[in-house]
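No value in this document is a laboratory result; all are computed from the given coordinates. Predicted model only: the values in this text are computed from it and were never measured. Cβ atoms come from the backbone with ideal geometry, glycine included; neighbour counts cover every protein chain shown.
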Amino acid sequence: MDTARGRAPRCEARMTKESRMKVSIVVFSPSGNTLKVGSMLEKQLSMRGAEVQLVDATGNKTLFRERDPSRFLAENVGPHDMLCIGGPVYAHHMHYNVLDLIKALPRPGNGWGKYAVPFVTYGTVSSGVALEDAAKMLRRTGRSPVFAMKVDAYHCYGKLFPTDVNAGMPGDEAIPFVEDLSDRIMRLRSNQGVESPDVTRDLRYLGFADRAKAKMLIREGLFQRHIYPCLSFDTDQCVQCGRCTEVCPVLRIELNETGPYVPTGAPPCIHCGSCIAACPSNAITFKTNMERWGELVHKALSGDCVLASNESPKSAVYPQLQR
């Protein structure tokens, strides 16, 4: 499943191709939420006259089989003035696959723009320090993170433990935020030569306790090894449909004559639950008390657990404008 793609809209008559703002949007989207927001951003920027490319890194062979992010970027990301890069929040942080992509970015120049915009989607529990993570990493590559956006969304575990919390999100409720971000990006074009402020300080929007919790206690790698349950495959139940291999966002699962398996050297499981939800025969599950796990998920979604930040606003564009 190699889903990297790029496209540019038609040139509007009132703007020459040379004068148009060029924007590349790169997303990693295990549940599809970040891709939805990236597609909204692509549409809004195109409507404003920008030349936009949307690149979906999810399930890309170069990234997850060959482990070569530099080649992935070189082959899929075209020349641009602005780079928007988005991903999901996992355990209060920008997902490490997105941070690895940012780390592999070439320095600005030769078609790689100086300005950048990180954006995240998260399942209402907490956006944590994900935007701050991404902005700091972008700065290390020589970029100036000028804006950022977080969008509240349906939690990826909602498909395993059905819940009405944020059902259907992101949807129309996210459009005003995407429109706001698109307007700000386009205004940069008319302000060429004027130094844009760095948004990083504005991304420390959580209270001290929540930021400390995210920075010192919550680690995705630690959770994977000691808290998150492992996957279990029941080959007797497997009907060999291959859906699990198609939906795995990191290409971890393969299929042989006996059923799904994880080959040696495969990327670590990111516990998105996509394969479990896609399996028509219940041949894949987590090795855990699923009823108890579901209770914990529902408590987190309701804001009734130590992990929830109950932040306000849930969705926002940064820096926030004074009202």
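Taking the Cα centre of the chain as origin and charging only Cβ (+1 Lys, Arg; -1 Asp, Glu), how large is the dipole, in debye to the nearest 20? Please report the intermediate quantities before stating the final value.
Details: 40 positive and 34 negative charges, 216 e Å.
Computed charge dipole of the chain: roughly 1040 debye.
Starting from the Cα gyration tensor of segment 126-202, take the square roots of the eigenvalues, sort them a ≥ b ≥ c, and report rounded, prolate or oblate (rounded when a/c is under 1.5, otherwise prolate if a/b is larger than b/c, else oblate). Can you show the working numbers first?
On the way: a/c = 3.97, a/b = 1.77, b/c = 2.24.
Oblate shape, in that a/c is at least 1.5 and b/c is the bigger or equal ratio.
Please list 53-59, 183-189 highest first by mean number of surrounding beta-carbon atoms within 10 Å per residue. The partial results should precede the final answer.
On the way: 53-59: 23.0, 183-189: 16.4.
Result, highest mean first: 53-59, 183-189.
Along segment 113-122 the Karplus relation, 6.51 cos²θ - 1.76 cosθ + 1.60 evaluated at θ = phi - 60°, assigns HN-Hα couplings of x, 7, 8, 9, 9, x, 9, 9, 10, 8 Hz to successive residues, with x for each Gly and Pro.
Just the Cα atoms of segment 230-287, one point each, no solvent: what log10 I(q)/I(0) does Debye give at q = 0.13, 0.14, 0.17, 0.26 Å⁻¹? Scattering profile of segment 230-287, log10 relative to I(0): -0.26, -0.30, -0.45, -1.14. For Ser144, the residues whose amide H sits under 5 Å from its own are Tyr115, Ala116, ignoring neighbours fewer than 5 places away on the same chain, with H placed 1.01 Å from N. Distance distribution note for the chain: the fraction of Cα pairs above 27 angstrom is 44%.
Classify segment 16-62 as rounded, prolate or oblate, taking a ≥ b ≥ c as the square roots of the eigenvalues of its Cα gyration tensor: rounded when a/c is under 1.5, otherwise prolate if a/b is larger than b/c and oblate if not.
Working: a/c = 4.97, a/b = 1.87, b/c = 2.65.
The shape class here is oblate.
Rounded to the nearest whole Hz, the Karplus-based 3J(HN,Hα) values (6.51 cos²θ - 1.76 cosθ + 1.60, θ = phi - 60°) of segment 35-45 follow the sequence 5, 4, 5, x, 5, 4, 5, 4, 5, 5, 5, with x at glycine and proline. For Ile85, the residues whose modelled amide H falls within less than 5 Å of its own, excluding neighbours fewer than 5 places apart on the same chain, are Val26, Val117, Phe119. Rounded to the nearest Hz, the phi-derived 3J(HN,Hα) couplings of segment 289-300 under the Karplus curve 6.51 cos²θ - 1.76 cosθ + 1.60 (θ = phi - 60°) are 6, 5, 5, 5, 4, x, 4, 5, 4, 5, 5, 5, where x marks glycine and proline.
Quick check: from the Cα gyration tensor, does segment 204-323 come out rounded (a/c under 1.5), prolate or oblate? The shape class here is prolate. Scaling against 2.2 N^0.38 Å puts the C-alpha radius of gyration of segment 84-186 at 1.15.
Between amide H atoms placed 1.01 Å from N, distances below 5 Å from Glu51 occur with Met21, Lys22, Val23, all of them 5 or more places distant or on a separate chain.
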